[in-house]
1. Does the stretch 30-37 contain any residue that is within 20 Å of Val19 (Cβ to Cβ), open to solvent by 50 Å² or more (accessible area, probe 1.4 Å), modelled with pLDDT of 90 or more and in a helix (DSSP H, G or I)?
2. Give all pairs with beta carbons closer than 8 Å in which a residue from the stretch 47-60 that is without any contact (Cβ under 8 Å) to a residue 24 or more places away in the chain meets a residue that is part of a helix (DSSP H, G or I) and surrounded by 15 or more Cβ atoms within 10 Å (Cβ to Cβ); count only pairs at least 6 apart in sequence or on separate chains.
3. Within the stretch 56-65, identify whether any single residue is of a type in the set (Val, Ile, Thr) and in a loop (DSSP other than H, G, I, E, B), and answer yes or no.
4. Quickly run through the stretch 38-53 and pick out the residues that are surrounded by 14 or more Cβ atoms within 10 Å (Cβ to Cβ) and among the aliphatic types (A, V, I, L, M).
5. Examine the stretch 54-66 for a residue that is of a type outside the set (D, E, K, R), under 30 Å from Phe7 (Cβ atoms) and either open to solvent by less than 50 Å² (accessible area, probe 1.4 Å) or out of contact with any Asp or Glu (no Cβ under 9 Å at 6 or more places or on another chain) (or both), and state whether such a residue exists.
6. Test each condition in (1) in a helix (DSSP H, G or I); (2) open to solvent by 50 Å² or more (accessible area, probe 1.4 Å) for Ile21 and report the one that comes out false.
Amino acid sequence: MQDQVIFFDTLRQGLWVAVVISLPILGIALLAGVTVGLFQALTSIQEMTLTFVPKLAAIGAVFWLSMGFMTQTLVSFFHERIIPLIAGG
């Protein structure tokens, strides 16, 4: 019974870390998509590359800026939760 509790608690924490890590990229992708979509609707420009390139550039920039935060969050999760479970603690 205790093993199941530890497993599900670790799984819950891992999913939460995944949400926290992906939030900056998904948020900027949503914001860029809405902005480009609004621009396309207002100007009646229906160019496919207009939706792809700005969103890709915004995602790349945010990924580059938040890479340290993402790495630190993931390393912290592994040091506090996963490695002690592997080591038997």
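The values are calculated or read from the model by the stated rules, or taken from the named source; none is laboratory data. Keep in mind that this is a model prediction, so the values were computed, not measured. Every residue, glycine as well, gets a Cβ built from its backbone with ideal geometry; the counts of neighbours run over all protein chains shown. Surface areas here come from the heavy atoms of the whole protein model, side chains and all, with no ligands, DNA or RNA. Shrake-Rupley method; radii C 1.70, N 1.55, O 1.52, S 1.80 Å.
1. Within the stretch 30-37 (the criterion being within 20 Å of Val19 (Cβ to Cβ), open to solvent by 50 Å² or more (accessible area, probe 1.4 Å), modelled with pLDDT of 90 or more and in a helix (DSSP H, G or I)), the answer is yes, since at least one residue qualifies.
2. These pairs meet every condition: Leu50/Val36; Thr51/Val36; Pro54/Ala32; Pro54/Val36.
3. no
4. Passing the criteria: only Leu50.
5. yes
6. Tallying (1) in a helix (DSSP H, G or I); (2) open to solvent by 50 Å² or more (accessible area, probe 1.4 Å), Ile21 fails exactly one: (2).
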